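Peer 1: Pasting in a structure now, in structure tokens, and then I'll have a few things to ask.
The values are calculated or read from the model by the stated rules, or taken from the named source; none is laboratory data. Values in this document were obtained by computation on a predicted structure and should not be read as measured data. Methodologically, a virtual Cβ is constructed for each residue, glycine included, from the backbone with ideal geometry; neighbour enumeration extends over all protein chains shown.
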Amino acid sequence: MYKRVATAAVISALFSGTAFAQPAKPTVVLVHGAFADSSSWDGVVEILRKDGYAVIAAANPLRSVSGDAAYVSDIVGSIDGPVVLVGHSYGGQVISTAANGNDNVQSLVYVAAFAPDAGEAAADLAGKFPGGTLGEALAAPVTLADGDIDLSIDQAKFHDQFAQDVPAEKAALMAAGQRPITEAALTEKSGEPAWKTVPSWFIYGDADRNIPAQALDFMAERAGSRHTVVVEGASHVVMVSQPQAVADLIEEAAQ
């Protein structure tokens with residue numbers, strides 16, 4: 001008799017939707033790369049929020065790998081619950097460091113992003129394989145008071161170099177609002193990367209002109225990517241031109 005009553009109670013609870021609470025979805029932390037800002041994630045954020053995810057698009061300082069990673073690490077450490085950490089371009093190197101020591105990071109997602117090993121810099125990996133044309137598109141460098149150098153993309157070359165699959169009007173706005181990165185950040189060597197212990201996912205376009213597709217494939221395979229998505233014809237800013245594909249992979253990594 002007891003078993004019948006208990007079974008009936010369980011069935012009733014299941015159909016009423018009150019039997020077991022679903023685990024909370026992880027928070028998604030998005031880290032932009034060089035020559036971009038947090039608004040580059042707008043399309044992805046819109047999809048993730050609609051699907052019930054809490055999202056933070058961090059303002060990556062783009063000053064140094066160690067300093068930028070410490071900043072993102074502090075954001076991750078302040079979050080109660082699991083985190084999916086997502087990096088674009090140079091932001092991939094940042095998340096590879098920022099995840100270390102944060103046990104709530106359950107997965108890493110690299111969006112046309114660098115995934116350096118210990119002792120490697122973004123500049124090293126960008127030149128490891130042929131096909132990148134970023135150097136030819138840079139504007140005149142700006143020397144800073146501390147002696148470092150700020151780098152940005154020439155606005156007249158931005159669309160063709162960085163975002164060729166984005167409408168020209170949108171690319172012009174992105175070019176005007178781009179965030180420069182220091183030369184020191186692009187040449188700073190990584191420490192031990194989190195992708196060696198945290199599961200990773202990769203997505204990139206096969207028409208990327210900043211980081212050659214061959215380099216991105218190399219890094220994804222080396223990191224043991226759980227799922228690598230190559231978007232045909234997509235530029236370096238695949239999250240802008242193909243936000244649904246990027247959001248889908250992030251949600252896969254969040255499961």
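Listed here are the residues, each with its yes/no results for (1) part of a strand (DSSP E or B); (2) aliphatic (A, V, I, L, M).
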position: 72; (1), (2): no, yes
position: 93; (1), (2): no, no
position: 96; (1), (2): no, no
position: 110; (1), (2): yes, no
position: 114; (1), (2): no, no
position: 146; (1), (2): no, no
position: 157; (1), (2): no, no
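Peer 1: Looking only at the range 98-108, count every residue that is of a type outside the set (A, V, I, L, M, F, W, C), part of a loop (DSSP other than H, G, I, E, B) and touching a residue at least 40 places away in the same chain (Cβ under 8 Å) and tell me the total.
Peer 2: The qualifying residues number 1.
Peer 1: Can you find even one residue in the range 116-130 that is in contact with a Phe, Trp or Tyr (Cβ under 8 Å, 6 or more places away or on another chain), outside any helix (DSSP H, G or I) and either buried (at least 18 other Cβ atoms within 10 Å of the Cβ) or not acidic (Asp, Glu) (or both)?
Peer 2: Yes.
Peer 1: If you don't mind, another one. Checking the condition farther than 21 Å from residue 231 by Cβ, surrounded by 18 or more Cβ atoms within 10 Å (Cβ to Cβ) and at pLDDT 95 or above, which residue from 178, 164 passes?
Peer 2: 178 is the lone residue from the list that is farther than 21 Å from residue 231 by Cβ, surrounded by 18 or more Cβ atoms within 10 Å (Cβ to Cβ) and at pLDDT 95 or above.
Peer 1: If a residue has to be out of contact with any helix residue (DSSP H, G or I) (no Cβ under 6 Å at 6 or more places or on another chain) and farther than 26 Å from residue 151 by Cα to count, how many in the range 30-55 make the cut?
Peer 2: Total meeting the criteria: 8.
Peer 1: Would you please name the residue that is surrounded by the fewest Cβ atoms within 10 Å (Cβ to Cβ), looking only at residues in the range 137-157 that are over 20 Å from residue 93 (Cβ atoms) and touching a residue at least 24 places away in the same chain (Cβ under 8 Å)?
Peer 2: Checked the range 137-157; the qualifying residue surrounded by the fewest Cβ atoms within 10 Å (Cβ to Cβ) is 142.
Peer 1: Would you check if there is a residue in the range 22-29 being touching a helix residue (DSSP H, G or I) at 6+ places or on another chain (Cβ under 6 Å), exposed (fewer than 14 other Cβ atoms within 10 Å of the Cβ), without any contact (Cβ under 8 Å) to a residue 40 or more places away in the chain and on the phi < 0 side of the Ramachandran plot?
Peer 2: no
Peer 1: In addition: What's the total number of residues in the range 159-193 that are in contact with a Phe, Trp or Tyr (Cβ under 8 Å, 6 or more places away or on another chain) and not in a helix (DSSP H, G or I)?
Peer 2: Number of matching residues: 4.
Peer 1: Among the numbered conditions (1) under 22 Å from residue 37 (Cα atoms); (2) over 14 Å from the mean Cα position of the chain (by Cα), tell me where residue 243 comes up short.
Peer 2: Among (1) under 22 Å from residue 37 (Cα atoms); (2) over 14 Å from the mean Cα position of the chain (by Cα), the lone unmet condition for residue 243 is (2).
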